[in-house]
Amino acid sequence: MAEEPAVSAFHIMAKPTGAACNLNCRYCFYLRKQGLYPGSSFRMSDKVMESYIRQTIQAHQVPQVAIAWQGGEPTLMGLEFFRRAIDCQKKHQRPGTVIQNSIQTNGILLDDPWCEFLRENRFLVGLSLDGPRPMHDAYRVDKAGEGTFDRVMRALRLLQKHRVDFNILATVHAANAERGLEVYRFFRDQAGAQFIQFIPIVERDNETGPRGSGEVADCSVRPEQYGRFLIAVFDEWVRRDVGRMFVVTFDGLLAAWAYGKSSLCVFHPTCGLDLALEHNGDLYSCDHFVEPERLLGNILEQPLAELVGSPAQRKFGRDKQDALPRYCRQCEFLFACNGECPKNRFIRTPDGEPGLNYLCAGLKAFFRHVDDPMRMMADLIRRNRPAAEVMRILAARDMPEASKPRSIAAWSLLQEGAGRRPGRNDPCPCGSGRKFKHCHGRPRDGKGGAL
């Protein structure tokens, strides 16, 4: 068997405080990971921090290196830890290499000095916010059980004040799943965010065994709810906000329609290049699989590059594709979904095969709903046209029949949506339901009007 090539790039979520956090979010799966390290201080030493940075830079064979800080809550390490991390990066940075830092935070500890530092060092900040106050405070609470909405919004305004690049990480759960449009409009119109990532909460009620056991927890989004949530947001976005609001799920899936492969980890055919580093240097296969059986080793004892490229990790990555049930392999949307994240594959297919994704019904409904506009945008991109032109195309299609334009200019716009001129007996791309020859394909009188 031919030797597999070395891994040239990867992404590691470094958790300098492990699972330690100043909040007590009711759906958080990571809090109970503290049980893996009894008696630990949950603080990354400078030795582990420097080893992570040095080895990550050395192992990358591409000019851009991502250094990602996650938790738990990474700001609990204090600002001086991150100042030392930046100094360490400068010490080990190679000529021609660009280092991009990111940090995921609940925002509670952010203040002016923090934001000045983040701006000065060009951090991308992910801020956890689940929507308007009632939806956010339903699960994102502090140690006293109090809601955190006001404190997170204060952090958001500080980031804006200091012009720090940030995106919103919003979870979709039982309290906001039926309010997709309201959540999206809140982020756009009140929070003033431009970049949003939606993460479905799929958790299991289980206190003692592996996280992949037990019944689905009440906080979880239901499959059909998730589909409706995405559809509601997409319909608003695709008609008003393409090119000015960036929804990670939509942008990542558009790559699948345009080029045959999504840019998102959860929709890749295989995985294994997004790993998790604990505070003590332990490296795990994935943030969702920080479990003893997925421990690859410790970066103080074995080179990071060897662990990332190890047979165990390569197998973990291939298993995502190899374990797909036949039901998924025959699905028309396999190119976009690829079975989504393995952590959610715990139900059975209609014919009884294990390994179907819990969210399948909702995802499939969403894919069907967006297929037509996704094809339009993909066609525009392949012709070096901005995807935002889809908004004008859909606006023309959405017009009442009595108001549909008959001018040559209007027909040209509608033709863009089809990507080609339809045949005489094809349905008209304007959506009227009539054949092309009886609608926008009728002969013209030379002045733009129908004869």
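The values are calculated or read from the model by the stated rules, or taken from the named source; none is laboratory data. None of the values given here were measured: they were computed from a predicted structure. Ideal geometry is used to build each Cβ from the backbone, glycine not excepted, and the neighbour counts take in all protein chains shown. Ligands, DNA and RNA are stripped out before the accessible areas are found, and what is left, the full protein with its side chains, is counted by its heavy atoms. Shrake-Rupley method; radii C 1.70, N 1.55, O 1.52, S 1.80 Å.
Probe of 1.4 angstrom, ligands and nucleic acids ignored: what's the accessible area per residue over the stretch 136-210, in square angstrom? Write out the running numbers ahead of the final one.
Details: 3390 Å² over 75 residues.
Spelled out: the 1.4 Å probe surface of the stretch 136-210, per residue, equals 45 Å².
Counting only helical runs of four or more DSSP H residues, what would the 222 nm mean residue ellipticity of the chain come to if each run contributes -39,500 (n - 2.57) and the total is spread over all its residues? The partial results should precede the final answer.
Working: 15 runs with 159 residues, N = 451.
Rounded to the nearest 500, the figure is -10500 deg cm²/dmol.
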HN-Hα couplings for the stretch 323-330 via Karplus (6.51, -1.76, 1.60; θ = phi - 60°), in whole Hz with x for Gly/Pro, come out as 8, 5, x, 4, 3, 6, 5, 9
Here the stretch 104-114 yields Karplus 3J(HN,Hα) values (6.51, -1.76, 1.60; θ = phi - 60°; whole Hz; Gly and Pro given as x) of 9, 9, 7, x, 4, 8, 5, 9, 4, x, 4
On the accessible surface of the stretch 141-289, probed at 1.4 Å with all protein chains in place, carbon and sulfur together account for a percent value of 49
The aspartates and glutamates whose Cα lies under 13 Å from the Cα of LYS343, excluding any fewer than 8 residues away in the same chain, are GLU203, ASP287, GLU291, ASP319
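Based on the mean of other beta carbon atoms within 10 Å per residue, what is the order of 89-97, 226-234, 391-399, most packed first? Walk me through the intermediate numbers first.
Values: 89-97: 11.7, 226-234: 22.1, 391-399: 16.6.
Result, highest mean first: 226-234, 391-399, 89-97.
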Taking placed amide H atoms and a strict 5 Å upper bound, the residues 5 or more places from ASN167 or on another chain that come that close are VAL125, GLY126, LEU127
Using the Cα gyration tensor of the stretch 221-307, the equivalent ellipsoid's semi-axes, largest first and to the nearest Å, work out to 35, 15, 12
Judged on accessible area alone, 1.4 Å probe, highest first, ASP137, ASP130 line up as ASP137, ASP130
Taking a straight Cα-to-Cα line shorter than 25 Å from LYS437, and setting aside same-chain lysines fewer than 8 residues away, one finds LYS404, LYS447
Row for the stretch 336-388, column shape: gyration tensor on C-alpha, a ≥ b ≥ c, rounded if a/c < 1.5 i.e. under 1.5, prolate if a/b over b/c, else oblate; value prolate
The chain, Kirkwood Rh and Cα Rg, ratio Rg/Rh at 1.01
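Of all the accessible heavy-atom surface of the stretch 328-406, with the other protein chains kept in place and a 1.4 Å probe, what percent is carbon and sulfur?
Values: 2000 of 3680 Å².
Percent of accessible area from carbon and sulfur atoms in the stretch 328-406: 54.
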Counting only protein heavy atoms and leaving out ligands, DNA and RNA, the solvent-accessible surface of ARG84 at a 1.4 Å probe, in Å² to the nearest 10, equals 100
Dimensionless Rg/Rh of the stretch 18-168, both radii on Cα and Rh by Kirkwood, sits at 0.99
For ILE347, other-chain or 5+-apart residues with amide H closer than 5 Å (H placed, Pro excluded) are GLY355, LEU356, TYR358
Interchain or sequence-distant (5+) residues whose placed amide H lies within less than 5 Å of the amide H of ILE99 are VAL65
The answer for the stretch 1-65, accessible area per residue at 1.4 Å probe in Å², is 50
Sorting ILE201, ILE381 on solvent-accessible surface, 1.4 Å probe, most exposed first, gives ILE381, ILE201
antiparallel share of DSSP beta bridges within the chain, to nearest 5, in %, is 30
For LYS435, counting only aspartates and glutamates whose alpha-carbon sits under 17 Å away and dropping same-chain residues fewer than eight positions off, the answer is GLU401, ASP426
Hits in the stretch 117-132: amide N under 18 Å from the 7 Å Cα→Cβ extension of ARG163, namely 117-125
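Just need the relative contact order of the chain here, percent rounded to a whole number, with Cα pairs under 8 Å and 6+ apart. Don't skip to the end; give the middle numbers.
Details: 767 pairs, mean separation 59.6, N = 451.
Result for the chain is 13 percent.
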Residue-ordered couplings for the stretch 32-43, obtained by feeding phi - 60° into the Karplus form 6.51 cos²θ - 1.76 cosθ + 1.60 and rounding to whole Hz (Gly and Pro as x), are 6, 5, 4, x, 6, 10, x, x, 6, 7, 6, 9
By accessible area (1.4 Å), largest first, TYR327, TYR139 order as TYR327, TYR139
Among the stretch 56-91, those whose backbone N falls under 11 Å of a label point 7 Å along Cα→Cβ from VAL98 are 63-65
In Å², rounded to a whole number, the accessible area per residue of the stretch 216-285 with probe 1.4 Å is 34
